[in-house]
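Taking it in order: structure first as structure tokens, then the write-up.
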Amino acid sequence: MKEDIPRAMRAWVVRAPGQLDAVELPVPRPAPDELLVRVRACGVCRTDLHVRDGDLAPHRSPVVPGHEAVGVVVAAGSQAGIHPVGTRVGVPWLRRTCGTCRYCLRGDENLCPASEYTGWDADGGYAEYLTVPASYAYPLPAALSDVHAAPLLCAGIIGHRALRRAELPPGGRLGIYGFGGSAHLTAQTALGGGAVVHVLTRSAAARALALRLGAASAGDAYGTPPEPLDAAILFAPVGDLVPVALEALDAGGTLSVAGIHLSTVPALDYHRHLFRERTLRSVTANTRDDGRRFLALAADLRVTATVTLYPFDRAADALDDLAADRVNGAAVLRFPA
């Protein structure tokens with residue numbers, strides 16, 4: 001049965017760098033190809049922190065951040081018939097692409113120059129309602145709870161793409177630098193595929209979590225792993241770690257940088273860091289196919305997010321805790337029923 005939709009909703013907005021404000025906004029109306037979703041849970045991603053702090057240039061101001069939203073479709077535009085009212089969906093980072101440029105046509109829609117993103121170009125999930133183009137929303141399996149599904153929608157999907165970009169060989173040795181929301185999901189995927197995982201991070205709690213999940217070792221971010229690495233993924237947005245991770249690679253190894261923002265990378269020494277066919281790769285957003293593949297793989301491998309829950313009215317605290325490395329696993333906002 002279609003529910004009554006209020007005219008106003010509670011939300012959090014970024015108006016200026018470093019500032020997240022609680023406000024009341026009109027409930028948005030879906031465009032013809034969009035769904036209106038009542039949000040039940042929303043993950044708190046490091047990209048939200050970059051939006052709040054101005055590390056990413058504003059695309060919309062003010063803007064409601066949040067791009068790991070789980071909710072229920074409560075209304076739909078006239079051309080949005082994929083997910084009927086009552087369907088539970090996930091709303092991810094990638095919101096829209098042009099579908100006609102050379103990148104979209106060759107399957108690389110993540111590189112579309114006209115791409116738009118939830119919580120950056122359009123209001124996101126730190127609100128009681130949001131809209132999403134129907135073809136960019138993911139149906140979610142009933143076995144996943146709202147709060148455990150939320151981190152999969154960006155942290156999980158981006159980590160999956162970063163792992164693919166790292167070209168880890170079967171049974172290979174993977175180094176993971178930083179161990180937050182995305183990294184702890186990626187570690188589970190890699191371990192499920194037979195990899196040996198070494199975690200390097202500054203947080204003692206994160207190192208303990210890594211060992212509980214099955215990592216072969218867990219040490220300091222600037223330390224040396226116990227064996228050369230076939231591949232590595234840098235999740236921490238710390239440019240200083242790029243040469244550290246490159247130097248830890250074996251010949252032919254690849255370092256994949258997963259974040260949308262990275263502090264300045266120091267000068268690289270060709271022989272120390274890149275010679276012997278080491279490769280440095282970036283990761284730019286994701287495709288919808290990445291999302292579909294990862295969600296299916298996560299279900300097969302029973303990838304489980306370790307979550308730290310915050311009520312919706314503590315969104316500002318959640319971002320502050322994430323900035324101060326006080327979150328173990330992934331932070332998730334839970335909305336009142």
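Points to keep in mind about this one:
- Unmet criterion (only one of (1) at negative phi; (2) assigned to a loop (DSSP other than H, G, I, E, B); (3) crowded, with 20+ Cβ neighbours inside 10 Å) for Ala285: (1)
- The stretch 55-67: number of residues that are modelled with pLDDT under 95 and in contact with a Gly (Cβ under 8 Å, 6 or more places away or on another chain): 0
- Subset of the stretch 27-72 [aliphatic (A, V, I, L, M) and in contact with a Phe, Trp or Tyr (Cβ under 8 Å, 6 or more places away or on another chain)]: Val27, Leu36, Val37, Val39, Ala41, Val44, Val51, Leu56, Val63, Val64
- Only one of Val91, Val85, Val132, Val70 that is open to solvent by less than 20 Å² (accessible area, probe 1.4 Å) and farther than 19 Å from His160 by Cβ: Val132
- The conditions of being of a type in the set (Val, Ile, Thr), assigned to a strand (DSSP E or B) and either open to solvent by less than 10 Å² (accessible area, probe 1.4 Å) or within 18 Å of His67 (Cβ to Cβ) (or both) are met by Val332.
- The criterion of at least 1 residues that are in contact (Cβ under 8 Å) with a residue 40 or more places away in the chain and either open to solvent by 10 Å² or more (accessible area, probe 1.4 Å) or more than 17 Å from Leu255 (Cβ to Cβ) (or both) is met by the following strands (runs of 3 or more DSSP E) wholly inside the stretch 168-239: 173-177, 229-234.
- Subset of the stretch 12-38 (residues that are under 16 Å from Asp121 (Cα atoms) and either assigned to a helix (DSSP H, G or I) or hydrophobic (A, V, I, L, M, F, W, C) (or both)): Trp12, Val13, Val14, Ala16, Ala31
- Number of the condition not met by Pro139 [criteria: (1) crowded, with 17+ Cβ neighbours inside 10 Å; (2) touching a Ser or Thr at 6+ places or on another chain (Cβ under 7 Å)]: (1)
The values are calculated or read from the model by the stated rules, or taken from the named source; none is laboratory data. This structure is a prediction, so every number in the text was calculated from the model and none was measured. Positions of Cβ are backbone-derived with ideal geometry, glycine not excepted, and every protein chain shown enters the neighbour counts. All accessible areas refer to the heavy atoms of the entire protein, side chains included, with ligands and DNA or RNA removed. Shrake-Rupley method; radii C 1.70, N 1.55, O 1.52, S 1.80 Å.
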